[in-house]
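The values are calculated or read from the model by the stated rules, or taken from the named source; none is laboratory data. In this text the structure is predicted, and so the values were computed from the model without any measurement. So basically every Cβ, Gly included, is an ideal-geometry build from the backbone, and we count neighbours across all protein chains shown. SASA here: full protein model, heavy atoms, side chains in, ligands and nucleic acids out. Shrake-Rupley method; radii C 1.70, N 1.55, O 1.52, S 1.80 Å.
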Amino acid sequence: MNSDTIKSTPLCKKHVALGAKMVPFAGWNMPVQYTGIIDEHNTVRTACGVFDISHMGQFLVNGAGTTEWLNKMFTNNLNKLVDGMGQYSIMLNEKGGVIDDLIIYRLAEDDYFVVVNASMIDEDFAWLTAHKPEGINLVNKSDAYVGLAIQGPTCEEVFASMCPGVELPVRNGILMFSAEGDDLVICRTGYTGENGFEFFCPAEQGVKWMEKAIACGAKPCGLGARDSLRLEMCYSLNGSDLSPEKTPLEAGLSWCCDLTKDFIGVDVLREQKANGRPTALVAIEYKGKGAPPRHGYEVQLPDGTPLGELCSGVLSPSLGKGIAMAYVPAALGKIGTDVNVIVRGKAVPATIIKKPFLKK
Amino acid sequence: MSTIPADYKYSSEHEWVSPAVDGVVTLGISDFAQSELGDVVYVDLPEVGNTYAAGDSIAAVESVKAASEVYTPVSGEIVEVNEALDAEPGTVNSDACGEGWICKIKLSEPGELDGLMDAAAYEEFCK
């Protein structure tokens, strides 16, 4: 990725003015931290942080037959949703591997708002377009919005100051309304494990709303803290923990796969459910101190048997020890199993534990 | 603004070494380097008694996001390591050029010090 093709969100100058360190992520120039990753992580666990998520994608899908069609494209069952509610879901390839994980909100009958990963906007849109029946409208609105993830135990006070008199939607709910002349979308979800919401506003009004969030008590937080927060909760990151080669059953996401309905990839999932998964994404926690676990480090049984490589890893700011996830042969990945993470040739003792790392 | 002690020497990999005392120098990473790394959460120290050639990787300083190797710009034997960093790795952030030192090296090629940058040259190098 060079500077000619890397994209910036409308908040880029604001981040730099706030003292952010900028790094390339998923094709975007994004803030990795402002004051420090640990400080920002702890702020979200104890107060409230605001993250720029403008790089993420938004699609509008509507028209007669949309529910029936999207139920063939995604793993979760849209018939469970009522107007104003959303669900986590996954889009698979023909092999049952993950193209993208996403959140889809039902605005009305056959009318949906879909939030997808930044790195996958073009691929998702192309895949959906290629499978779309006549008469259904699919619109990529990704450049129209600035997105702010406002997360942490005091987020409700922050929202009350930002939009006085408006009630936050319930957990997994969506609310569309106007404030200060701007059409806003509020989704009651997040990627941190804390109470929080995602706030989408017109792109050209993004700086104003970012400043308002900060003035109302949210502290700017970068992608570094976003990664350590989500990993403590074992939330998957597409590209690290999810891939076209792994099914959602292997990733531990069977809870959002309705195998009673037909969708692309379902045959492979049914086969794995009947006969077992080849691998499982497990949570690995250091027993004591040790160099931080990182993507690509090898995991072994104590006798040296190779199990796999870490997908994600970090020294957990909340727990003070190394935490990681890895795909290992399902039969060898039982909870309580002792393993070693190999860091620069040294074995660091760890255990496969029940997810998530941070029990709340 | 980075702290760049005037009497230290600096490498292009952002390590500093203090003036030799009885042939022994102290080594650490520069204030600029710690600032670029962010919160240091772990320091992988070398073992006392090991010998290294200039350019060898002798230690690793790890922040939440990245692991950064520490290369010695001088050859010699490790005679002491800063074990306090095991408990308080963040000292590398708060005092990179002082209490955040990494190890002491008994020089086998003292002339190598002459090939390193002085404070003025290093300050220019960081711009």
- [ ] Describe numerically, in nm with one decimal, the distance between label points set 7 Å from Cα along Cα→Cβ at B:Asp114 and at B:Asp86.
- [x] 4.0 nm
Open item on the list: Using a 10 Å cut-off around each Cβ of peptide A:310-322, what is the average number of partner chain Cβ atoms that fall inside?
Closed with: 1
Open item on the list: Given Cβ point charges of +1 (Lys, Arg) and -1 (Asp, Glu) and nothing else, what value in debye, to the nearest 20, does the dipole of the stretch A:132-201 about its Cα centre take?
Closed with: 260 debye
Task: Label-zone membership for the stretch B:6-24, site B:Ala53, 7 angstrom Cα→C-beta point, backbone N under 14 Å - done: none
Open item on the list: Along the charge dipole of the stretch A:278-353, pointing to its positive end and built from +1/-1 on Cβ of Lys, Arg, Asp and Glu, which listed residue (A:Leu301, A:Leu315, A:Pro329) has its Cα farthest out?
Closed with: A:Leu315
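Could you check how many percent of all C-alpha pairs in the stretch A:284-343 are farther apart than 16 Å?
The proportion of pairs with Cα distances above 16 Å equals 37 percent.
So which GluC sites (Glu not before Pro) in the stretch A:21-111 pass both tests, a DSSP loop state and at most 13 other Cβ atoms within 10 Å of the Cβ? Working shown, then result.
Details: sites: A:Glu40, A:Glu68, A:Glu94, A:Glu109; in loops: A:Glu94, A:Glu109.
Answer by residue number: A:Glu94, A:Glu109.
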Task: Accessible carbon and sulfur surface of the protein assembly as shown relative to its total accessible area, %, 1.4 Å - done: 52 percent
Task: Cα gyration tensor, the stretch A:114-174 - rounded (a/c under 1.5), prolate or oblate - done: prolate
TODO: For A:Asp303 paired with A:Val82, estimate the spin-label separation in nm (one decimal), with each label point 7 Å from Cα along the Cα-to-Cβ line.
DONE: 5.6 nm
Open item on the list: Per residue, how large is the accessible surface of the protein assembly as shown? Use a 1.4 angstrom probe and give square angstrom.
Closed with: 41 Å²
Task: Within 10 Å of each Cβ in B:39-47, the average number of Cβ atoms from other chains - done: 4
Task: Simple label model, 7 Å out from Cα along Cβ direction - A:Lys261 to A:Ser243, nm - done: 2.9 nm
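Write down the Kirkwood hydrodynamic radius of chain A, to one decimal in angstroms, obtained as one divided by the mean of 1/r over all alpha carbon pairs.
About 21.2 Å for chain A.
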Task: Solvent-accessible area lost in complex, 20 Å² minimum, residues of the stretch A:325-353 relative to chain alone, 1.4 Å - done: A:Arg344, A:Lys346
Task: Positive-end residue, chain A charge dipole about Cα centroid, Cβ charges, pick of A:Asn29, A:Asn340, A:Phe125 - done: A:Asn340
- [ ] May I ask you to rank B:His14, A:His131, A:His295 by accessible area, largest first, using a 1.4 Å probe over the protein chains only?
- [x] A:His295, A:His131, B:His14
Open item on the list: Counting protein heavy atoms only and a 1.4 angstrom probe, how many square angstrom of accessible surface do chains A and B bury in total, to the nearest 100?
Closed with: 1300 Å²
TODO: Any chance you could check the stretch B:56-79 for residues losing 50 Å² or more of accessible area when the partner protein chains are in, compared with the chain on its own (1.4 Å probe)?
DONE: B:Glu62, B:Val64, B:Lys65
- [ ] Starting from the alpha-carbon convex hull of chain B, give the projected area averaged over all orientations, in nm².
- [x] 6.8 nm²
